[in-house]
């Protein structure tokens, strides 16, 4: 009967499926092994303080922020600190994004020979590996503590990720357009203006805006080493258990980041659609 | 062009009319570029003022940047043996943290997906919750965790788990949003319950991207975990901070080199697995 034939065919197809059970079991075993290995280091150290009490303090502080600090118009207030953070992130992103352009071009395999590209990539990886606070300390030697050091740190930290994205876009570039521009008799400047820029610009801008978003979040790290921004007051307030101040600063930061995120998503979808 | 289509910008800077050969009138909108450039310029000027950016200092004292950098070379090889412990702590922290975070975020991601949950309130609440979790700087989470769990790797693991939770959660609900719902509807029509239908139809579509996102997050977390030690949350950052404090830059160089090769290795492995997944 027809139905029998169909069910037989189904069974045959099932039988033809690759037998992955052993592989799956092996992967599961490895994962469990890795997890067991990694949980071996966990231990609950005694903080000397009641953890729950502190958690309650934090939650309480976040819901009862220090409104005086939150709306303080002077340079000590949350408003100015947020402005400083935004400025650090903004200028840092721009400087980093500009520095990243030549680096990305000399690391793209369709522009330069492979060995050069590999050297470029290793250099970018090395720049990425050094943690932000180490850069912060290095720059403080140059500029002294303050937002300027933070800005330089941010720009150096941005280079890694921005470069990685740039390289992908450059390698995806349609080079046939350049050939047709060549055939039409365009000079180098015209080729860059009409052949390369229109292809890369939206993607580059999108990456830069995304990185700005990240930089704003990461700017708290700078506070650790005194490189400006909202991080330092936040960490001071936390170390001295002034949870209301922590609440005020966190509230400001969360609202700011949410606003920037909404804006950046909007601009990026617009860029992607053209 | 009727006025309702015009934005405020077009009302101020009138579009340029063109008479086409067939008699119709076409409008070219005024370019937005000058306005955007002006805004960027204003923001740059403000930023330069606020941050005290000066090329002069940079040129004059720029070489100071390399003092520490050159002091790191040659690295102190004898220090290598004391790096392994904290290094493995860092990897363990990121591995466990990434795992916990990416597992915990699954139910939240399902609740935040437009095509599965139809209740607007639930959607909005989960999305806002995930957004707020994402705004918390990892360092702050780590600091809070050290107060609650004490100094050590547990605090770092918690911070990484929270970050992974928020990041993978957002990516996952965006992936689920774009899933082909035909299979899900077919499963429901066959009489499967909602969770069963989810498991049978949505899960296989989402799984590769989900695993790939989690792995990608793990890659980044290894780098992050090295910072967390600064606030006492265990791992490489702890000794890094210590050695910088003592100005033993050759040991710092050693730590950074080890970190570099670890990150390269992990990225290579994860890249390989991710290319197999998709």
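Here, each number is a calculation from the coordinates, and none is a lab measurement. Being a predicted model, the structure only gives us computed values, none of them experimental. Reconstructed Cβ throughout: ideal geometry from the backbone, glycine too, with neighbour counts over all protein chains shown.
Can you give the relative contact order of the stretch A:133-216 as a percent, counting alpha carbon pairs under 8 Å and 6+ residues apart?
It rounds to 30 percent for the stretch A:133-216.
Where in the stretch B:159-203 does the label zone of residue B:117 land, with the point 7 angstrom along Cα→C-beta and an amide N cut-off under 15 Å?
It comes to B:166, B:169-177, B:195, nothing else.
Whole number please: convex hull volume per residue of the Cα set in chain B, in Å³?
Roughly 269 Å³ of hull volume per residue.
How would you rank B:126-132, A:16-22, highest first, on the average number of other Cβ atoms within 10 Å across their residues?
B:126-132, A:16-22
Can you give the three extents of the C-alpha atoms in the stretch A:65-209 along their principal axes, from longest to shortest, in whole Å?
66, 30, 25
Quickly estimate the mean residue ellipticity at 222 nm for chain B, helices only: each DSSP H run with n ≥ 4 gives -39500 (n - 2.57), and the total goes over all residues, rounded to 500.
One gets -23000 deg cm²/dmol as the mean residue ellipticity at 222 nm.
Taking 0.36 nm per residue of separation and subtracting the Cα-Cα distance, what length does fully extending residue B:200 through residue B:38 add?
Contour length minus the Cα-Cα distance gives 53.0 nm.
Rg to Rh ratio, the protein assembly as shown, alpha-carbon atoms and Kirkwood radius?
1.00
Within 10 Å of each Cβ of A:238-247, how many other protein chain Cβ atoms are there on average?
Partner-chain Cβ atoms within 10 Å, mean over residues of A:238-247: 1.
Which of B:20, A:256, A:69 has the fewest other C-beta atoms within 10 Å, and how do the rest follow up to the most?
B:20, A:256, A:69
May I ask you to work out the translational diffusion coefficient for chain A at 25 °C, viscosity 0.890 mPa s, via Stokes-Einstein with Rh from the Kirkwood sum over Cα pairs, reported in whole µm²/s?
106 µm²/s
Taking every pair of Cα atoms in the stretch B:15-121, average 1/r, invert it to obtain the Kirkwood radius, and report Rg/Rh to two decimals.
1.29
Compute the Kirkwood hydrodynamic radius of the stretch B:136-233, taking the inverse of the mean of 1/r over all pairs of distinct Cα atoms, and give it in Å to one decimal.
Across the stretch B:136-233, the inverse of the average 1/r is 15.3 Å.
Can you tell me the Rg and Dmax of the stretch B:177-278, counting just the alpha carbons, in angstroms?
Calculated on Cα positions, Rg and Dmax stand at 21.5, 69 Å.
By how many nm would the segment from residue A:110 to residue A:262 grow when fully extended, if each residue of separation counts as 0.36 nm and the alpha-carbon distance is taken off?
Full-extension gain reported as 51.2 nm.
What value, in deg cm²/dmol to 500, does the helix sum -39500 (n - 2.57) over DSSP H runs of n ≥ 4 give at 222 nm once divided by the residues of chain A?
Helix contribution divided over all residues of chain A: -25500 deg cm²/dmol.
Using Cβ contacts closer than 10 Å as the measure, can you line up B:188, A:168, B:56 from fewest to most?
Going from least to most buried by this count: B:56, A:168, B:188.
So what is the orientation-averaged projected area of the stretch B:3-53, using the convex hull of its C-alpha atoms, in nm²?
4.9 nm²
So what is the relative contact order of chain A, in percent, for Cα pairs below 8 Å that sit 6 or more residues apart?
RCO, chain A: 26 percent.
How shielded is A:138-145 by partner chains, expressed as the average number of their Cβ atoms within 10 Å of its Cβ atoms?
6
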